[in-house]
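Structure first, commentary second.
The values are calculated or read from the model by the stated rules, or taken from the named source; none is laboratory data. Here the structure is a predicted model, which is why all the values come from computation and not from measurement. Ideal geometry is used to build each Cβ from the backbone, glycine not excepted, and the neighbour counts take in all protein chains shown. With ligands, DNA and RNA removed, areas are computed over all heavy atoms of the protein, side chains included. Shrake-Rupley method; radii C 1.70, N 1.55, O 1.52, S 1.80 Å.
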Amino acid sequence: MSVIGIDLGDESCYVAVAKAGGIETIANDYSLRATPSCIAFSEKNRILGVAAKNQQVTNMKNTVYGLKRLIGRKYRDPHVQRELKILPFNVVEVAQGNIGIKVNYLNEEHIFSPEQCLAMLLTKLKDISSTALQTPINDCVISVPSYFTNNERKALLDSAAIAGLNVLRLFNETTATALSYGIYKQDLPGPEDKPRNVLFVDCGHSSLQVFVCAFNKDKLRMIATASDPNLGGRDVNFILAEHFCKEFQSKYKIDARSNPRAFLRLLAEVEKVKKQMSANSTSLPLNIECFMNDKDVHADIKRSDMEQLCSHLFQRVEGTLKQCLDQSGLTVDEIHSVEIVGGSSRIPAIKALIEKIFKKVPSTTLNQDEAVSRGCALQCAMLSPAVRVREFSVKDVQNYAVSVSWDASSDGEASGEIEAFPVNHVVPYSKMLTFYRQEPFSIRALYTGNIPYPDKHIGMWIVKDIRPNSEGKPQKVKVKVRINLHGIMTVSSASLFEAKESCEAENGEENQQQQQQQNNTQQQQNQNPTEQQNDVDATMADGVNNAAPEVGSSTSWTKKISAWFSGDGDKEKKKKQVMKSIELPIESLTAGFSQVEINQYTEQEFKMIAADRQEKERADARNALEEYVYELRGKLSSEDELSQFILDNDRSILSVQLDDMENWLYEEGEECNRQVYQDKLAELKSKGEPIQTRKVEFELRPIVIEDFAKSL
Ligand code: ATP
Ligand code: MG
């Protein structure tokens, strides 16, 4: 069983695997480590990854990308509307205001959700990994931007479920990068020493994340994160493309903005020049042949021109860098070093800004492209029993404050709200809330403060099956609210505590303890209904566990309250009250697919995988036949090959048959099923192979005689 880490980038994805010998990045079917985050549809099959990107210009309407920015969102979300302006494929509003991606697939119109499309990309990454590792893949850790909200995280989990991946953790890209750094650093301060604070800058294709992390030997703690989810390399591409559009308009009188296909080609060329500019400050050419109206275009650009055109973008980078430093509460001197990752951090202007603000030359200790995937693979190994890695404690934080509110009860318990998880609160984390209730009630969670999402509402959970006790009074209900390992807020359990009495003999000492417990319990009961017990996750290595009663999946009996003496002497008779905890059902009303929908989409995905496989086998069989036609024809006409082992007349007949077969392959034989090609290949081989055998026999003959002669 292999454990993999996936960096799901907006432009490209990387997959790393944790092995006994270390972490390796996996190459895809094109022997590349980067797989474009791109999928496409054709009349015959789906095309995923590199192949999809390669055919984008010729199949623009059916080539889908930018999914990371669409999942978990509604069609009318202003963020989605902004994205749609730059996406060349069809996106429509479907039921419940959801996003539908309309494509032509198998000669029919199909509408897929962004989550389904992302599942297709994950299917490809899964396939790349299992092919490279020669083993089935299930467990993985997938990266998410630290600024992703609940709905986006849940949507990604849904996509992974559709692709049949078991996500051990959605891991913030920030924390994944930090883990990649920390685990290999040999010279970190001791566990109790002053930590080393490292600032990281990850500027990718469409977003920027800046974060500060404190490192000690064997542990890291995220201190602060600042991001700009709408600032990355693609913005530079657009500005440059706009610039050239204007130039071409005046120079060649063509408007590339009016021609989406030409604009797409321009974007691709601009990206190449942009990358060259990072290493070269002289003037660089941009040439595109047959760009529009049969015209070739040419222009030049210098790095300084680009810097001027993009100066407002770089100001935003500066703002985000400063914001992160401010949030960290650290001075520039307290930052040990600045590490850069992500493709766009290679832009010299960004490096210069970093140097200006932090007075340090940015370091590139990490592999800029692979750090996130490698961090994810490390985390996956830590969470999975399959591979052993060095222990390293990772303390991640909550990016947005979450408040929790609840209904008033009919018997007077007031409604209320608390900030359950402040910004930068350690996650994963659970909190216990205690209520006294006699009927079902609901709890809501909400982001407070600014989030890059139009809806601050996280979800509502209804705690059910609550009844008054035998005396008609409210009962104690404990509710566990939690930000889980994926960074998703949930109400993970609710239990009702019912008091029962029983008789038992005990010694005096224990009775005293029980008396103490009773006092504690009464104190708790006197507190307001929001009594909190912080129940640090078992997954956190060094949290404080205030041990709220742990509720199992079945009913459990917990000795809890009190006793009083009856009788005398050594043996004292005790009347004891025990608490019975009963797990309560919770109905969650949160975004994301239902299990039924996930099952339905999973089945659909499996069918598409099977159809793709079938199409591949068909195409392979056709190629095999085509190749054999060419190979045999070549050999038949060559003196050195087969021409002397066949009679002239037979050769002419076979040559005609080969020509016919070739014509057939390009005409009515274009779209046959696999078996037809296999049968035709077998038929041709039955003619070609005897000739080949004659050649082999002929070549062996003198050797056999020679060997025989030698043996005499
Ligand atoms: P995101 O992190 O936003 O989801 P991603 O992880 O796919 O996206 P990266 O692979 O980190 O993004 O970076 C891709 C971006 O980096 C592209 O916009 C690409 O043009 C840009 N880039 C790559 N190399 C260079 C370079 N040498 N100079 C300038 N930009 C570069
Ligand atoms: Mg990235």
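Quick notes on this structure:
- Condition check for ASN151: under 21 Å from ASN450 (Cα atoms), away from ligand 2 (no atom under 16 Å from the Cβ) and either in contact (Cβ under 8 Å) with a residue 60 or more places away in the chain or not aliphatic (A, V, I, L, M) (or both): yes
- Scan region 589-616 for residues that are open to solvent by less than 70 Å² (accessible area, probe 1.4 Å) and either in a loop (DSSP other than H, G, I, E, B) or closer than 30 Å to ASN469 by Cα (or both) and the total you get is 4.
- Applying the condition of being crowded, with 18+ Cβ neighbours inside 10 Å and of a type outside the set (S, T, N, Q) to region 320-329 and asking which residue is nearest to THR225 (Cα to Cα) yields CYS324.
- Members of region 138-152 found to be more than 15 Å from ligand 1 (Cβ to nearest atom), under 18 Å from PRO114 (Cβ atoms) and open to solvent by 10 Å² or more (accessible area, probe 1.4 Å), listed by number: ASN151
- Residue that is farthest from ILE340 (Cα to Cα) [pool: residues in region 177-222 that are charged (D, E, K, R) and under 25 Å from the mean Cα position of the chain (by Cα)]: LYS219
- One residue alone among ALA349, ALA279, ALA377 is surrounded by 15 or more Cβ atoms within 10 Å (Cβ to Cβ) and more than 26 Å from the chain's Cα centre (by Cα), and that residue is ALA349.
- Some residue of region 120-129 being in a helix (DSSP H, G or I), β-branched (Val, Ile, Thr) and closer than 29 Å to PHE200 by Cβ: yes
- The residue that is least open to solvent (accessible area, probe 1.4 Å), counting only those in region 11-44 that are among the charged types (D, E, K, R) and within 16 Å of ligand 2 (Cβ to nearest atom), is GLU11.
- Within region 467-487, the set of residues being touching a residue at least 60 places away in the same chain (Cβ under 8 Å) and open to solvent by 10 Å² or more (accessible area, probe 1.4 Å) comprises PRO474, LYS480, LEU485, HIS486, GLY487.
- In region 418-456, the residue that is surrounded by the most Cβ atoms within 10 Å (Cβ to Cβ) out of those that are under 23 Å from the mean Cα position of the chain (by Cα) and in a strand (DSSP E or B) is VAL427.
Residue by residue, here is whether (1) part of a helix (DSSP H, G or I); (2) free of Cβ contacts under 8 Å to residues at least 12 places away in the same chain; (3) open to solvent by less than 30 Å² (accessible area, probe 1.4 Å) holds:
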{"position": "ARG221", "(1), (2), (3)": "no, no, no"}
{"position": "SER227", "(1), (2), (3)": "no, no, no"}
{"position": "ASN230", "(1), (2), (3)": "no, no, no"}
{"position": "ASN237", "(1), (2), (3)": "yes, no, yes"}
{"position": "HIS243", "(1), (2), (3)": "yes, no, no"}
{"position": "GLN249", "(1), (2), (3)": "yes, yes, no"}
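- Condition met for MET292 (open to solvent by less than 60 Å² (accessible area, probe 1.4 Å), over 12 Å from PHE248 (Cα atoms) and away from ligand 2 (no atom under 16 Å from the Cβ)): no
- Candidates TYR677, TYR628, filtered to the one that is over 20 Å from ASN45 (Cα atoms), aromatic (Phe, Trp, Tyr) and in a helix (DSSP H, G or I): TYR628
- For LEU681: the one exception among (1) over 29 Å from ALA611 (Cα atoms); (2) touching a residue at least 24 places away in the same chain (Cβ under 8 Å); (3) surrounded by 12 or more Cβ atoms within 10 Å (Cβ to Cβ): (1)
- Taking residues in region 6-22 that are in contact (Cβ under 8 Å) with a residue 24 or more places away in the chain and under 9 Å from THR35 (Cα atoms), and partners anywhere that are among the charged types (D, E, K, R) and within 14 Å of ligand 1 (Cβ to nearest atom), the pairs with Cβ atoms closer than 7 Å and at least 6 places apart or on different chains are CYS13/ASP7; TYR14/ASP7; TYR14/ARG33; TYR14/ASP369; TYR14/GLU370.
- Leading residue by the ranking (surrounded by the fewest Cβ atoms within 10 Å (Cβ to Cβ)) among those in region 153-165 that are within 16 Å of ligand 1 (Cβ to nearest atom) and of a type outside the set (Ser, Thr, Tyr): ARG153
To keep it simple, each residue is scored yes or no on (1) out of contact with any Pro (no Cβ under 7 Å at 6 or more places or on another chain); (2) in contact (Cβ under 8 Å) with a residue 12 or more places away in the chain; (3) within 16 Å of ligand 2 (Cβ to nearest atom); (4) assigned by TED's automatic domain parsing to the domain that holds VAL212.
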| site | (1), (2), (3), (4) |
| --- | --- |
| VAL341 | yes, yes, yes, yes |
| ILE354 | no, yes, no, yes |
| THR364 | yes, yes, yes, yes |
| LEU378 | yes, yes, no, yes |
| ALA381 | yes, yes, no, yes |
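- Extreme residue, modelled with the lowest pLDDT, among residues of region 391-417 that are assigned to a loop (DSSP other than H, G, I, E, B) and surrounded by 18 or more Cβ atoms within 10 Å (Cβ to Cβ): GLU413
- Single residue of region 83-112 satisfying the filter (outside any strand (DSSP E or B) and touching a residue at least 40 places away in the same chain (Cβ under 8 Å)) that is least open to solvent (accessible area, probe 1.4 Å): PRO88
- Restricting ILE128, ILE111, ILE71, ILE101 to those that are in the same structural domain as LYS19 (by TED's automatic domain parsing) and more than 22 Å from the chain's Cα centre (by Cα) reduces the list to ILE111.
- Tally, over region 195-215, of residues that are open to solvent by 10 Å² or more (accessible area, probe 1.4 Å) and more than 16 Å from ligand 2 (Cβ to nearest atom): 3
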